[in-house]
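Undergrad: Handing you this structure, nothing more for now.
The values are calculated or read from the model by the stated rules, or taken from the named source; none is laboratory data. On a predicted model such as this, the values are computed, not experimentally measured, just so you know. Reconstructed Cβ throughout: ideal geometry from the backbone, glycine too, with neighbour counts over all protein chains shown. Keep in mind that these areas ignore ligands, DNA and RNA; they rest on the heavy atoms of the full protein, side chains included. Shrake-Rupley method; radii C 1.70, N 1.55, O 1.52, S 1.80 Å.
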Amino acid sequence: MGETNEISSAPITPRPVDAASRPPAVAVPPAQYQSGGKDAANTNKTPKSLTPKSRTPRFITPIGSPVRRALRLTRLNPQDAWLPITESQNGNAFYAAFHTLCSGIGIQALVFPVAFTFLGWTWGVICLTVGFIWQLYTLYLLVQLHESPETGIRYCRYMQLSNATFGYKLSKILSSFPILYLSGGSCVAAIIIGGSTAKSFFQIICGATCTAKPLTMVEWYLVFTCIAVVFAQLPNLNSIAGISLIGAITAIGYCTIIWVVSVAKGRLPMVSYNPVRHGSQTEQVFDILNALGMIAFAFRGHNLILEIQSTMPSNEKHPSRVPMWRGVKGAYLIVALCLYPLGIGGYWAYGQMIPEGGMLAAFFGFHRKDLSEFVLGLTSLFVIVNSVCSFQIYGMPMFDDIESQYTRRMKQPCPWWLRAILRVLFGFSCFFVAVAIPFLGSLGGLIGGVSLPVTLAYPCFMWLKIKKPKIYSPIWFLNWVLGIGGMLLSVVLSVAGVYVIIQTGIHANFFKPQ
């Protein structure tokens, strides 16, 4: 009993010299993993005056070691109880699958057939398969790295793991912009896609004889943003599990409708599967690299995996990586069943004739007159709902980062009214960017190259730094090859994206969404 009282009376968070700079401690269950942040590595260094002296003799190691380990693991970053990512931690494998599906299937997957026009059948399928296996492997690494049994640290955000691997300053350079785009940029893309599809949906429902005055594209963006901001008031990531489920169902729905209709209608007349080759040999090489960037851009969502896993309870006996990986495997089985039919079926149906907008543009462009208004309207509605749901899950890390600035300075949780105001301001900031840069989707190849290290390279280096596998072992070689290969591929794809934009140009209709 004496030992038990001594352990339970230990301070949860070591108190530094400047005690006023930290919020009050939050009680957690024994043996729970602590959250890793910027100073996570330093939290294990407990001042001697604050560490209770164990009465357990050192020679009783079977008892003493677990007790001391449990005591170390009870320390927690108290801000986690105030922030949207870690505010609620009662998720499970099903919730993880919902979130992973909603973030893993996006409108970007509809451009796979466009990439196939430059790669051809064989290399298109090979590149799609290699990309899928590669990103699934790095996803596995992130799930395993989420919590460290050795130190008791739990990395609940991608930037926290990046800080622990590369250092605070270097991680800001390497990770901040890609993660900022993958979160905030995806919210902007959701407004662009959702708003433009809402306009098409209204035209389908209203019909050719409709006399109602149509809204402008900016007004449709505004309508979509208002809807997205209303749902953004849900407090934390765990509370939007139902939203993610709806987003996953609608994504599967419109992907399935599009590829099934395209295949059922048969190949277009005079369709050709010869890879597109125009210009000099240098231009052809850059076109191929830009196509690889399109495929890489579709494999997004890795910047959310650690955040999704942080919604689960975790301790030494029941680590969160077990149910998380179970949910991820189920989710990515469904992702594969959506991506491969889109790429292969779409290219079979349209070949070189597929428009730059991908399968969605081909669906409405070639089959608008062949299909019933119900099918067209249902597909459009699925895209709109999925865009609203994607806005929520990709916006949550941004809400978390914004609110962390307040909690760090004010040493208290963000009040509900301020949280609502901040999320509204973020939503309309994305609306402004969407109106200002409505051609953001045409930069897919370039953006895919820039954000590729977050998905394919950084997790390999993180594993090498944190897990420290045996030098020259197979896993050591594999991660070095994939990490360096991912960084080189990122540079090459980024250069290719810039080159293609300069050569072909883009319709830079600033503040003129169409």
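Undergrad: Please label the shape of the stretch 164-275 as rounded, prolate or oblate, based on the square roots a ≥ b ≥ c of the eigenvalues of the alpha-carbon gyration tensor (a/c under 1.5 means rounded; beyond that, a/b larger than b/c means prolate, else oblate).
TA: Oblate, since a/c reaches 1.5 and b/c is not below a/b.
Undergrad: Starting from 0 in steps of 10 Å, tell me what percent of the Cα-Cα pairs of the stretch 241-343 lands in each bin.
TA: 11, 29, 29, 19, 10, 3, 0
Undergrad: Per residue and in cubic angstrom, what volume does the convex hull of the Cα atoms of the stretch 298-435 have?
TA: 174
Undergrad: Rank these residues by their accessible area, most exposed first, probe 1.4 Å: Lys470, Lys411.
TA: Per-residue accessible area, sorted high to low, gives Lys470, Lys411.
Undergrad: Just the number, please: carbon plus sulfur as a percent of the accessible area of the stretch 288-372, 1.4 Å probe, no ligands or DNA/RNA counted.
TA: Taking all protein chains in place, the stretch 288-372 shows 63 percent carbon and sulfur surface.
Undergrad: Okay, moving on. Just for the Cα atoms in the stretch 70-226, what are the lengths along the principal axes, largest first, rounded to whole Å?
TA: 72, 46, 34
Undergrad: Also, I was wondering about something else. Just to verify a number: what accessible area does Lys467 come out at with the full protein assembly present, 1.4 Å probe, Å² rounded to tens?
TA: 70
Undergrad: Among Ile288, Val385, Pro275, which residue has its Cα positioned farthest towards the positive end of the charge dipole of the stretch 264-420, with +1 placed on the Cβ of Lys and Arg, -1 on the Cβ of Asp and Glu, and the dipole taken about the Cα centre?
TA: Positive-most Cα among the choices belongs to Val385.
Undergrad: Using a 1.4 Å probe, how large is the accessible area of Val335, given in Å² and rounded to the nearest 10?
TA: It works out to around 0 Å².
Undergrad: Provide Glu147, Glu373, Glu219 ordered by accessible surface of protein heavy atoms (probe 1.4 Å), highest first.
TA: From most accessible down to least: Glu373, Glu219, Glu147.
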